[in-house]
1. Among the residues of the stretch 58-77, which ones are within 16 Å of the ligand (Cβ to nearest atom) and out of contact with any helix residue (DSSP H, G or I) (no Cβ under 9 Å at 6 or more places or on another chain)?
2. Give me the pairs, please: first residue somewhere in the stretch 122-136 and more than 14 Å from TYR104 (Cβ to Cβ), second residue anywhere and among the acidic types (Asp, Glu), beta-carbon distance under 9 Å, and either six or more positions apart or on two chains.
3. Please list, ordered by first then second residue, the pairs with beta carbon atoms under 6 Å, 6 or more apart or interchain, first in the stretch 83-109 and of a type in the set (S, T, N, Q), second away from the ligand (no atom under 14 Å from the Cβ) and part of a strand (DSSP E or B).
4. Go through the stretch 112-121 and give me each residue that's touching a residue at least 40 places away in the same chain (Cβ under 8 Å) and either open to solvent by 40 Å² or more (accessible area, probe 1.4 Å) or out of contact with any Gly (no Cβ under 7 Å at 6 or more places or on another chain) (or both).
5. Considering only residues of the stretch 97-119 that are touching a helix residue (DSSP H, G or I) at 6+ places or on another chain (Cβ under 7 Å) and assigned to a strand (DSSP E or B), which is farthest from the ligand (Cβ to nearest atom)?
6. Across the stretch 52-77, which residue is surrounded by the most Cβ atoms within 10 Å (Cβ to Cβ) among those that are out of contact with any strand residue (DSSP E or B) (no Cβ under 8 Å at 6 or more places or on another chain) and not aliphatic (A, V, I, L, M)?
7. So, in the stretch 14-67, exactly how many residues are part of a helix (DSSP H, G or I) and of a type outside the set (S, T, N, Q)?
8. Condition (residue is in contact (Cβ under 8 Å) with a residue 24 or more places away in the chain, of a type in the set (D, E, K, R), more than 16 Å from the ligand (Cβ to nearest atom) and loosely packed, with under 11 Cβ neighbours inside 10 Å) applied to the stretch 22-43: is it met by at least one residue?
Amino acid sequence: MNVDLYEKIWMYGTGGMLTLFFGSLAVSAVGGQMQPPSHVETINPARAMSDPRFATRGVWQDDQGGVHVTVVGMMFAWLPDHVTVPSGTPVTFHLTSTDVIHGYQIVRTNGQSMAIPGYVSQFTTQFAPGEYLIACNEYCGLGHHAMAGRLTVVPAAEWTGPGMAAPAAAAPPAEGGDHAAH
Ligand code: CUA
């Protein structure tokens, strides 16, 4: 098949760019440990603040010692807006929203998830010691730019423990299915 030189240049150019773009995507996904969420749990957004899973918010530990953080997003604040966790320890975040979609982004880490009314988002990651900005990265209204929080990561040996007891419903099944019953 005879392919015109000019067309060949475009073909190889396009192929090269596709390789470059998909390659950089793969490298950043693997290198940055980016993963899609895989957790589906629902909640009534109108009653999220009194739901046993979110009635108390902050840092807690399960009976295996796992560190958890429970956060509610609303226009225009994260509740709580400051949490302190130990370094080098897997921390599981549980998020929801009472109004619109917010984005919980722990800047300069791979900790990030949307907070969606009606759903409980969950992700687990760990951090190096330091102070991190938590930004809202989904436009949620006029106060969006002011919706920020702070994550303090202290060396594991200096961590003074969770700020609260584990919620009554520490590991609830998704609505409509009771895993404990099976
Ligand atoms: Cu909340 Cu933007």
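1. Across the stretch 58-77, the qualifying residues are VAL71, VAL72, GLY73, MET74.
2. Taking only residues 6 or more apart or on different chains, the pairs are PRO129/GLU158.
3. Sorted first by the residue in the stretch 83-109, then by its partner, the pairs are THR84/THR152; SER87/VAL153; THR89/VAL67; THR92/HIS68; THR92/THR124.
4. Across the stretch 112-121, the qualifying residues are SER113, PRO117, GLY118, TYR119, VAL120, SER121.
5. Checked the stretch 97-119; the qualifying residue farthest from the ligand (Cβ to nearest atom) is PRO117.
6. Among those that are out of contact with any strand residue (DSSP E or B) (no Cβ under 8 Å at 6 or more places or on another chain) and not aliphatic (A, V, I, L, M), it is PRO52.
7. Looking only at that region, the number is 17.
8. no
The values are calculated or read from the model by the stated rules, or taken from the named source; none is laboratory data. Being a predicted model, the structure only gives us computed values, none of them experimental. All Cβ positions, even for glycine, are placed from backbone atoms using ideal geometry, and neighbour counts span all protein chains on display. Keep in mind that these areas ignore ligands, DNA and RNA; they rest on the heavy atoms of the full protein, side chains included. Shrake-Rupley method; radii C 1.70, N 1.55, O 1.52, S 1.80 Å.
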